[in-house]
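Peer 1: One structure is given below, represented as structure tokens, and several questions about it will come after.
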Protein chains: 2
Amino acid sequence: MSDATLHFEDFVPERQFPLGPKIVSAKEIIEFAAEFDPQPMHLSEAAGKASILGGLAASGWHTCAMMMRMIVDSFIGRSTCQGAPGVEQMDWKKPVLAGDTLKGFGVVLEARPLKSRPGIGIVRMRTELRNQRAETVCIAEQSIMFRMRESGENRA
Amino acid sequence: MSDATLHFEDFVPERQFPLGPKIVSAKEIIEFAAEFDPQPMHLSEAAGKASILGGLAASGWHTCAMMMRMIVDSFIGRSTCQGAPGVEQMDWKKPVLAGDTLKGFGVVLEARPLKSRPGIGIVRMRTELRNQRAETVCIAEQSIMFRMRESGENRA
């Protein structure tokens, strides 16, 4: 692991990481929904318009998956990430509609060593995504595990 | 909507719905991860074995998406579902590994009419999935909106 790799110690409270941008296409919305969430408002513009979502709308789980990809591209992909025990909260505040552009940020809320796994720490983060109308579309709080720097390595 | 369609009123506390079974293939794990969560332990058996997950493991978000599909197949697909405002809790208790068979249940915790949207109610549910070793792999709590029966319709 190079010094540039993000370790547990690099996730200090209030540190922010940018997420996105990601343009959400109708094709992607329909493909995800056909496999994982085949409800009418996620499969056709007409059914989406007739629903309270107001248009062809991504499954909430698709929004989660797209957020994860933005997180990997922003910081997890260059980190010592060891997985995650779950998600504390996920609010889908507004529908994500075909053609929307999503971007946002992740911010470190809290970081502590894991007693049960020496050399690993857990980082609680809040992640938020907004659309091109500056509306917040989702807010998540989740905890992610990272390996610590080994004693032989220099700190970044 | 036929009488057989599940409406808000059908989601009474303690009612259970079966989920699955669903066999999770290595191919599906890798395809989902390549698009949404390209971390080594979700992309190759060797990297998974070297990680604390112990084998090629599904992204937690993939597990969520598979759970959603089981929920649609079990009850949402024959309901007046109007979407969901989010997820209150999602615990990934054990890794979901290639070859695992997942099944479980959803249970209604609470149901109440939405003041802000006449004719729609919100149902809080817990959903759980177990693997073929009877280990619980994930537990979620989420709220889902359903349309109520209209006065002109008969109750089931």
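The values are calculated or read from the model by the stated rules, or taken from the named source; none is laboratory data. Everything numeric here is computed off the predicted structure, so don't read it as measured data. Positions of Cβ are backbone-derived with ideal geometry, glycine not excepted, and every protein chain shown enters the neighbour counts. Just the protein is used for accessible areas: all its heavy atoms, side chains included, with ligands, DNA and RNA removed. Shrake-Rupley method; radii C 1.70, N 1.55, O 1.52, S 1.80 Å.
Peer 1: Within segment B:2-24, how many residues are part of a loop (DSSP other than H, G, I, E, B) and surrounded by fewer than 19 Cβ atoms within 10 Å (Cβ to Cβ)? Full working, then the answer.
Peer 2: So the first thing to find is which residues in segment B:2-24 are part of a loop (DSSP other than H, G, I, E, B), and the list is B:2-5, B:7, B:11-15, B:24.
Still in the list and also surrounded by fewer than 19 Cβ atoms within 10 Å (Cβ to Cβ): B:2-5, B:12-15.
The number of residues fulfilling the criteria is 8.
Peer 1: Taking segment A:43-71, which residues are open to solvent by 40 Å² or more (accessible area, probe 1.4 Å) and either modelled with pLDDT of 95 or more or more than 7 Å from chain B (Cβ to nearest Cβ) (or both)?
Peer 2: Of everything in segment A:43-71, those that are open to solvent by 40 Å² or more (accessible area, probe 1.4 Å) and either modelled with pLDDT of 95 or more or more than 7 Å from chain B (Cβ to nearest Cβ) (or both) turn out to be A:LEU43, A:SER44, A:GLU45, A:ALA46, A:LYS49, A:ALA50, A:GLY54, A:ARG69.
Peer 1: Go through (1) crowded, with 19+ Cβ neighbours inside 10 Å; (2) within 13 Å of another protein chain (Cβ to nearest Cβ); (3) under 24 Å from B:ALA33 (Cβ atoms) for A:PRO95 and report which single condition fails.
Peer 2: All conditions pass for A:PRO95, except number (3).
Peer 1: Just to be sure, is A:ALA140 out of contact with any helix residue (DSSP H, G or I) (no Cβ under 6 Å at 6 or more places or on another chain), among the hydrophobic types (A, V, I, L, M, F, W, C), buried (at least 20 other Cβ atoms within 10 Å of the Cβ) and modelled with pLDDT of 95 or more? Walk me through how you get there before you give the answer.
Peer 2: Details: out of contact with any helix residue (DSSP H, G or I) (no Cβ under 6 Å at 6 or more places or on another chain): yes; among the hydrophobic types (A, V, I, L, M, F, W, C): yes; buried (at least 20 other Cβ atoms within 10 Å of the Cβ): yes; modelled with pLDDT of 95 or more: yes.
Yes; evaluated as a whole, the condition is true for this residue.
Peer 1: Which one is nearest to A:PHE32 (Cα to Cα) among residues in segment B:31-41 that are more than 20 Å from the chain's Cα centre (by Cα) and more than 9 Å from chain A (Cβ to nearest Cβ)? Quick ask: steps written out before the conclusion?
Peer 2: Here is the first cut: in segment B:31-41, the ones more than 20 Å from the chain's Cα centre (by Cα) are B:34-35, B:38-41.
When the remaining residues are screened for being more than 9 Å from chain A (Cβ to nearest Cβ), the result is B:34, B:40.
On the way: B:ALA34: 14, B:PRO40: 22 Å.
Among those residues, the one meeting the criterion is B:ALA34.
Peer 1: Another one. Collect the residues in segment B:98-118 that are surrounded by fewer than 16 Cβ atoms within 10 Å (Cβ to Cβ) and either at positive phi or within 14 Å of chain A (Cβ to nearest Cβ) (or both), keeping them in residue-number order.
Peer 2: Selection gives B:GLY99, B:SER116, B:ARG117, B:PRO118.
Peer 1: Considering only segment B:25-42, how many residues are assigned to a loop (DSSP other than H, G, I, E, B) and open to solvent by less than 30 Å² (accessible area, probe 1.4 Å)? Walk me through it before giving the result.
Peer 2: Filtering segment B:25-42 for residues assigned to a loop (DSSP other than H, G, I, E, B) gives B:25, B:37-39.
Filter again for open to solvent by less than 30 Å² (accessible area, probe 1.4 Å), leaving B:37, B:39.
Of the residues in that region, 2 qualify.
Peer 1: Is it the case that some residue within segment A:16-24 is at pLDDT 95 or above, hydrophobic (A, V, I, L, M, F, W, C), closer than 18 Å to A:VAL137 by Cα and more than 18 Å from the chain's Cα centre (by Cα)?
Peer 2: no
Peer 1: Sticking with this structure for a sec: So, in segment A:73-92, exactly how many residues are more than 13 Å from A:SER143 (Cβ to Cβ) and either surrounded by fewer than 19 Cβ atoms within 10 Å (Cβ to Cβ) or more than 7 Å from chain B (Cβ to nearest Cβ) (or both)?
Peer 2: Residues in segment A:73-92 being more than 13 Å from A:SER143 (Cβ to Cβ) and either surrounded by fewer than 19 Cβ atoms within 10 Å (Cβ to Cβ) or more than 7 Å from chain B (Cβ to nearest Cβ) (or both): 8 in total.
Peer 1: Given the structure, is A:GLY121 buried (at least 18 other Cβ atoms within 10 Å of the Cβ), within 14 Å of another protein chain (Cβ to nearest Cβ) and more than 23 Å from B:HIS62 (Cα to Cα)? Please lay out each step first, then the result.
Peer 2: Details: buried (at least 18 other Cβ atoms within 10 Å of the Cβ): yes; within 14 Å of another protein chain (Cβ to nearest Cβ): yes; more than 23 Å from B:HIS62 (Cα to Cα): yes.
In short, yes.
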